[in-house]
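Each reported figure results from applying straightforward, stated rules to the coordinates on display, with no laboratory input. Given the structure is predicted, the values throughout are model-derived calculations rather than measurements. We place every Cβ from the backbone using ideal geometry, glycine too, and count neighbours over all the protein chains shown.
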Amino acid sequence: MASEHRQVRKKQLNKSGRTMNRIEITIFGAMTVYIIAVIITYFRMEPIQGYEIQIGSLSVAKTYTGIAIRQEELLRSPYTGYINYYIREGERVSSRDTVYSVDESGKLASLLNTGNMEDSSYTDAELSELRSEVIQYDRMFDCKEFQSVYDFKYDLEGTVLKLANISMYEHMETLNQSSLGGMVSLCSAGKTGYVVYSTDGYEGLTPEQITPEMFDQSKYEKSRVNNNDLIEKNATVGKLVTDENWSLIIPVEKDRSAVLEEENYVKVKFVKTQETSWGQVTIHHLADGDYAQLAFNNSCVAFCTDRYVDIELILDDVKGLKIPQSAIVEKEFYIIPAEYMTKGGPNGNYGVLKEKADENGNLVSSFIETTVYSSDDKEFYIDSIDIKVGDYICKPDSPDKMAVSRSGKLTGVYNMNKGYADFKQITKLDENEEYAIVSSNTKYGLTVYDRIVLDASSVKNYDFTYK
């Protein structure tokens, strides 16, 4: 009998042991699957990248197209005939230098073509001058500015003809003894300056005469007289830039105008030459807008043939906290009047008195702590998971109440010092495409060495961050 009892008990224990083993295996298997899932999720999760804030600055530059104003005098021919130039456009001449000749007979061009002059070959320096023209054109070519093709043509033609006409000029005495004697007149500029063979009607332009339409280059026209063209007496054959001092007029916005008006000089970078210079600033407040006049006492030779000059204004560096644009985000918050805010709770933080019904259905107010992101004397920008649109809040020590309805956006970044995304408002001082400079040590803002989320679109407020 005892033996049978022991056998039954043994079977029960074995059965119970097998049951426990199945439960343990099931639990262990579930834990294993969970751990594997967590590990896989961790390795597949993209880490949130941080950025440590440093003090920095931006070199603020903006491109403008200016109209050049110079001391320009028109050159007029005292004779009728065929003109030939001897000075390359843009070169400086003295009052006695021969700039062009006028052939009253019209035989000078044919005489040159017959080869009666001595053959001449270009020197290395002359070939280098031609090569420089081609390289400059290739570097500055813009398919949208077809007029530049003609400018290049005239520049190259002027260089070649200058080199060719030097030989003719050297033999002018021989020509005057030939059948052309007395028929070719040599003409000088009469003053010292830079020779320009094109005119556009803007000679003598003053800042007060500037209009917005003048900056429309599609309507800009200029004329020029070419070699061997037939001209009349007193015809305009070019102009002479007589002063090294010149200026650019650029249209500026109201806020930029105010900044420039405080500056005596501003640093300018010329897009064409990539060189920099300092221009003296004068602001002209005209009926159709503000214009800045930038006066220079150098670089005239580089731009004496250009009416329109592209420049960059390089203003003083703005210093502050340097933040990537990718870290900046706009977030919406509730706007609460300042008189509805109060302090309470164990830490004495800001919050509101929210109205709600108690268990008996009576309306009572209870303190709800909120996070303040910006404030002034009139209103607070707050956020709380316990407040939503339509909730009523009570004015402290008053029977007045109001419904939460207003909201507004703040610009800021997500601070990750505490291990989660914590929105902080920023005040931009300046910015470019990559970075913004913001104020430091603001009431609800950032300080140097704070860590922020580099990509603001990758998190939401209060999300945990992973370093």
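How much length is gained if the chain between SER458 and PHE28 is pulled fully straight, taking 0.36 nm per residue apart and subtracting their Cα-Cα distance, in nm to one decimal?
151.3 nm
How big is the Cα convex hull of the stretch 313-358 in projection, averaged over all directions, in nm²?
7.8 nm²
Among PHE380, PHE367, PHE333, PHE28, what is the fewest-to-most ranking by other Cβ atoms within 10 Å?
PHE28, PHE367, PHE380, PHE333
Nothing charged except the Cβ atoms of Lys and Arg (+1) and of Asp and Glu (-1): what's the magnitude of the dipole of the stretch 309-451 about its Cα centre? Round to the nearest 20 debye.
480 debye
How many nm is it between the label spots at ASP229 and ASP243, if each spot is 7 Å from the Cα in line with the beta carbon?
Modelled inter-label distance: 2.8 nm.
What distance in nm separates the two pseudo spin-label positions at LYS319 and THR447, each 7 Å out from Cα along the beta-carbon direction?
Spacing of the two 7 Å Cα→Cβ label points: 1.9 nm.
Between the stretch 268-309 and the stretch 64-92, what is the C-alpha centre distance in whole Å?
Computed from Cα coordinates, the inter-centre distance equals 21 Å.
For the stretch 412-444 and the stretch 358-382, what is the separation of their C-alpha centers, rounded to whole Å?
What the calculation gives is 26 Å, centre to centre.
Go through the stretch 250-307 and name the GluC sites (Glu not before Pro) that are in a DSSP coil and have 15 or fewer other Cβ atoms within 10 Å of their Cβ.
Passing sites in the stretch 250-307 are GLU253, GLU262, GLU275.
Please give the contour-minus-distance gain from TRP278 to LYS62: 0.36 nm per residue of separation, less the Cα-Cα distance, rounded to one decimal in nm.
Fully extending the segment from TRP278 to LYS62 adds 76.2 nm.
If you take the square roots of the eigenvalues of the alpha-carbon gyration tensor of the stretch 175-269 and sort them as a ≥ b ≥ c, do you get rounded (a/c under 1.5), prolate (a/b over b/c) or oblate? Please list the in-between numbers first.
Numbers: a/c = 4.23, a/b = 2.48, b/c = 1.71.
In terms of gyration-tensor shape, prolate.
All other residues with a Cβ under 10 Å from the Cβ of CYS394 taken together, and with Lys, Arg as +1 and Asp, Glu as -1, what is their net charge? Don't skip to the end; give the middle numbers.
Numbers: positive: LYS354, LYS395, LYS401; negative: GLU355, ASP397, ASP400.
Residues close to CYS394 contribute a combined charge of 0.
One quarter of the convex hull surface, Cα atoms only: what value does that give for the stretch 322-458 in nm²?
Approximately 10.1 nm², given one-decimal rounding.
Label-point separation (nm) for GLU208 and ALA403, each offset 7 Å from Cα along Cα-to-Cβ?
The answer from the label model is 6.2 nm.
With 10 angstrom as the radius, rank SER95, SER384 by how many other C-beta atoms surround their C-beta, starting from the fewest. Please report the intermediate quantities before stating the final value.
Working: SER95 11, SER384 17.
By the 10 Å Cβ count, ascending: SER95, SER384.
Mind sorting GLU244, GLU433 by how few other Cβ atoms lie within 10 Å of their own Cβ, fewest first?
Sorted ascending by nearby Cβ count, the order is GLU433, GLU244.
Subtracting the Cα-Cα distance from 0.36 nm times the residue separation, let me have the gained length for SER375 to ASN360 in nm, one decimal. Each step should come with its number before you reach the end.
Values: separation 15, 0.36 × 15 = 5.40 nm, distance 3.67 nm.
Contour length minus the Cα-Cα distance gives 1.7 nm.
Quick check: net charge around GLU73, other residues with Cβ under 12 Å of its Cβ, Lys/Arg +1 and Asp/Glu -1?
Details: positive: ARG70, ARG76, LYS191, LYS239; negative: GLU72, GLU203, ASP243.
In short, +1.
If the stretch 382-467 were replaced by its equivalent ellipsoid, with semi-axes equal to the square roots of 5 times the Cα gyration tensor eigenvalues, what would those be, largest first, whole Å?
The answer is 31, 17, 13 Å, longest axis first.
Please work out the FRET efficiency for the pair ASP386 and ASP288, using the Cβ-Cβ distance as r and a Förster radius of 35 Å; give the result to the nearest 0.05.
In this case the efficiency is close to 0.05.
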